[in-house]
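Report on the structure given below.
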Amino acid sequence: MSPARTLTVTLRVLRQVRRDPRTVGLLLVVPSLLTGLVAWMFTDTDTFGDIGPAMIALFPFVVMFLVTSIATLRERRSGTLERALTLPLSKLDLLVGYLLAFSLLAVVQTAVTVAFAVWVCDLDLSGGAFGVAAVAVLNAVLGTALGLLASAFAATEFQVVQFMPAFVFPQVLLGGLFIARDRLPAVLETVGDVLPLSYGFDALDAAASGAGFTDYGTDVAAIGVWIVASIVLSAVSLRRRTP
Amino acid sequence: MLHDVSLTLPTGGVTGLLGPSGSGKSTLLRSLMGIQRGVSGTVEVLGAPAGSPTLRARIGYMMQSSGVFTDLTVADNIRYFAGLLHLPRAEIERVIDLCDLHTVRNSPVSAVSGGQANRVSLAVALLGGPDLLVLDEPTVGLDPVLRAELWSLFRSLAASGKTLLVSSHVMDEATRCDRLVLMRDGRMLTSTTPAQLLSTTGESDPEAAFLTMIAPHGDPP
């Protein structure tokens, strides 16, 4: 691996994003608007206080998953990936370059979402808005890493868009948002416990309720493992030689 | 798919890889670049097995699809690939000069003409001044003026000692090459020179010579 080449990829991806202002706008605004909608839905109840942190986990994760998987698929179809792979670029340089670029966007996106949730939607994060934001960024990076992995299995835009529900919906359903995981049938509980987004939900709940980092450190570590595993799997499935 | 292709290219000059669409030209070139799956046999380029990491900075490759980012500017495209090759800024300016891209350097590739977009792809292939250039149909879809311009660039590169392997399905381009490799249906028909091709077939233009060449090997197309 070469840090200089990784950074070259990161800068190029950011240049591409910058040339598409509407995408930047959507990236920054959509998670906040959705969080706002949920807050509004539950105006007359206390529910938003409970599920607000989960929304901050969910929306940036989904948006980053989609944007990343489509961006990398586009690169594969335009031939630029093939060209880059005939040059002295390691597969990890490319993947980590993408991950860095979208992580940077995730930092900005999450900051906007958390600020919106706290100041506009009155979400009580007295437990520690900073901890919540940090975990939410990690979650968005997880979305990017899974997006990189998903795009490896898609040959067309139609396929990659369908990977969103296929990869993401089960994680939302089994993550404890609709029904607590310990009330699921045993098999589903076990599956739900190890799905990447479940760790995100747990860590954000803990951070929002004011728990110390030691209480959700294992969840954060598990998210990290999922990110690394996704990148390694993506690198393995990315082939220089193609039919 | 390719069968029984055996071919050795000398250093220097322009070798034309000619044959109709679907004859296996791109597959052969991709095999040389080490990005074709399912190659059996040996492919050696500049003394190393095709696709070796040591070759990656030494061959300029222009693929059939554009292989550049249409949403980035001309200069940003070249800057990106130059960055992957660890090349200095001066090298970016050199290939922009060489491919005459000054006027459009700050335009997104999606907004430039087809000929210019083609030259962006070529400029990227020329980065670092590689000794071997593998160009897959670089003149496809270009008008005759642009084609002539590109060929004079190819000739000047060859004159400076570079080796060029250029594929085309336009037989007229054969006359601009030093050597020719003719392909059809994934098989190599012959490796020859333009003059030899015309004299052995007794034809006056390469198109007719090619049709004559392929006749004994099967039904004429």
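Values quoted throughout were computed directly from the atomic coordinates according to the rules given, and no laboratory measurement underlies them. From a predicted model like this one, the values you see are computed outputs, not experimental measurements. No Cβ is skipped: glycine too gets one built from the backbone with ideal geometry, and neighbour counts run over all protein chains shown.
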> How long is the protein assembly as shown along each principal axis, judged by its Cα atoms, biggest number first, in Å?
Replying inline: 91, 49, 35
>> Could you give each residue of the range A:138-155 its phi-based ³J(HN,Hα) in whole Hz, using Karplus coefficients 6.51, -1.76, 1.60 with θ = phi - 60°, and x for Gly or Pro?
In response: 4, 5, 5, 5, 4, x, 4, 4, 5, x, 4, 5, 4, 5, 5, 9, 10, 9
> Which net charge results for the neighbourhood of A:VAL160, defined as the other residues with beta-carbon distances under 15 angstrom from its beta-carbon, given Lys and Arg at +1 and Asp and Glu at -1?
Replying inline: +1
> With Cβ to Cβ distances under 10 Å as the rule, what net charge do the other residues near A:LYS91 carry (K, R +1; D, E -1)?
Replying inline: +1
> How big is the C-alpha Rg of chain B next to the rule-of-thumb value 2.2 N^0.38 Å, as a ratio?
Replying inline: 1.03
> How much length is gained on full extension from A:ASP20 to A:ARG239, taking 0.36 nm per residue of separation minus their Cα-Cα distance?
Replying inline: 75.9 nm
> Roughly speaking, what is the centre-to-centre gap between the range A:160-176 and the range B:77-118 when only Cα atoms are used, to the nearest Å?
Replying inline: 41 Å
> What spacing in nm lies between the two simple spin-label points modelled at B:THR54 and A:LEU37, each 7 Å away from Cα in the Cβ direction?
Replying inline: 5.8 nm
> Using a simple spin-label model with points 7 Å from Cα along the Cα→Cβ vector, what separation in nm is obtained for B:HIS102 and A:PHE153?
Replying inline: 5.3 nm
> Under the rule of -39500 (n - 2.57) per DSSP H run of 4 or more residues, summed and divided by the residues of the protein assembly as shown, what mean residue ellipticity at 222 nm is obtained, to the nearest 500 deg cm²/dmol?
Replying inline: -19000 deg cm²/dmol
> In whole angstrom, how far apart do the alpha carbon centroids of the range A:29-48 and the range A:5-24 sit?
Replying inline: 31 Å
> How well do other chains shield peptide A:86-95, expressed as the mean number of their Cβ atoms within 10 Å of each residue Cβ?
Replying inline: 4
> Of the listed peptides B:85-98, A:197-210, A:139-152, what is their order by residue-averaged count of other C-beta atoms within 10 Å, with the highest listed first?
Replying inline: A:139-152, A:197-210, B:85-98
> Which cross-chain or sequence-distant (5 or more) residues have an amide H under 5 Å from the amide H of A:THR86, H modelled 1.01 Å from N in plane?
Replying inline: none
> How large are Rg and Dmax for the range A:3-237 when only the alpha carbon atoms are used, in Å?
Replying inline: 17.8, 59
> If you add up the charges near B:TYR80, with Lys and Arg at +1 and Asp and Glu at -1, over every other residue whose beta carbon is less than 11 angstrom from its beta carbon, what do you get?
Replying inline: +4
